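Chemist: Once you've had a glance at the structure underneath, I'll fire off some questions.
Where a number appears in this text, it was derived from the coordinates with a stated rule and is not lab data. Source: prediction; values computed, not measured. Counting neighbours? That spans all protein chains shown, and the Cβs are built from the backbone with ideal geometry, glycine included.
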């Protein structure tokens with residue numbers, strides 16, 4: 001999926017969370033799964049997204 005997106009989008013259009021945070025949370029409320037990440041992953045993702053979509057300051 002990401003390989004296909006890379007053909008259409010520029011690198012700056014991707015939000016990259018550090019790999020060490022892409023860890024499944026064994027205590028996730030929806031159960032153990034490789035895509036139910038630790039809480040720090042989600043916080044970091046939202047911070048990066050806020051930064052990427054922030055309006056330039058005047």
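Chemist: How many nm is it between the label spots at residue 10 and residue 32, if each spot is 7 Å from the Cα in line with the beta carbon?
Modeler: Distance between label points: 4.4 nm.
Chemist: Evaluate the relative contact order of the chain (contact order divided by residue number), counting alpha-carbon pairs under 8 angstrom at least 6 apart; express in whole percent. Let's see the in-between values first.
Modeler: Working: 40 pairs, mean separation 16.7, N = 58.
That works out to 29 percent.
Chemist: Work out how much length residue 21 to residue 49 would gain on full extension: take 0.36 nm times their residue separation and subtract the Cα-Cα distance, in nm to one decimal. Could the numbers behind the result be given before it?
Modeler: Details: separation 28, 0.36 × 28 = 10.08 nm, distance 1.56 nm.
That works out to 8.5 nm of additional length.
Chemist: At q = 0.20, 0.21 Å⁻¹, what log₁₀ I(q)/I(0) does the chain have when each alpha carbon counts as one equal point scatterer in the Debye sum?
Modeler: One equal scatterer on each Cα of the chain leads to -0.87, -0.91.
Chemist: How far is helix 39-53 tilted, in degrees, relative to the longest principal axis of the Cα atoms in the chain, given as a value from 0 to 90 rounded to the nearest 10?
Modeler: Result, in degrees: 10.
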